[in-house]
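So the structure is just underneath, and the comments pick up after that.
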Amino acid sequence: MGERGVLNGAIAGIMEAQYAVLRKHGHSPSEAFNETVEEFTQSLISSPLRKEMDWLYANCSTTSQRGALDWKGVFRAAVAPVFDDLLSKGSPNGTEAKIVLDRTVGQTIERS
């Protein structure tokens, strides 16, 4: 569930949403990219990999610390139903595996 939900789903979805909102509000493609992808991949993700989340919070700006406190619950509430859905379609009942196989077989046939 971690790879499907967090790595390949949540991170990609969050970055796409942030980029789109920044563009909608007048940021250039380059500014939106830098604020979204560059900041995440070049600074944010490496910190918890080298240290731990407590270190990350202690070493970021006051604005960022405040944002974590103010917005963590909002994000948790927004994505909890998505993870419930993801889990319900996962390994126990095979729904997601069937979707992947159906789409993979379909793509293989289309490429032939």
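Here, each number is a calculation from the coordinates, and none is a lab measurement. All of these numbers come straight from a predicted model, not from anything done at the bench. We place every Cβ from the backbone using ideal geometry, glycine too, and count neighbours over all the protein chains shown.
Report the local net charge at residue 36: Lys and Arg +1, Asp and Glu -1, summed over other residues whose C-beta lies under 12 Å from its C-beta.
Here the charged neighbours net out to -4.
Given a Förster distance of 25 Å, report the FRET efficiency between residue 70 and residue 40 from their Cβ-Cβ distance, rounded to the nearest 0.05.
So the FRET efficiency works out to roughly 0.80.
Using per-residue counts of other Cβ atoms within 10 Å, averaged over each peptide, order 27-37, 77-87 from highest down.
Packing order, densest peptide first, comes out as 27-37, 77-87.
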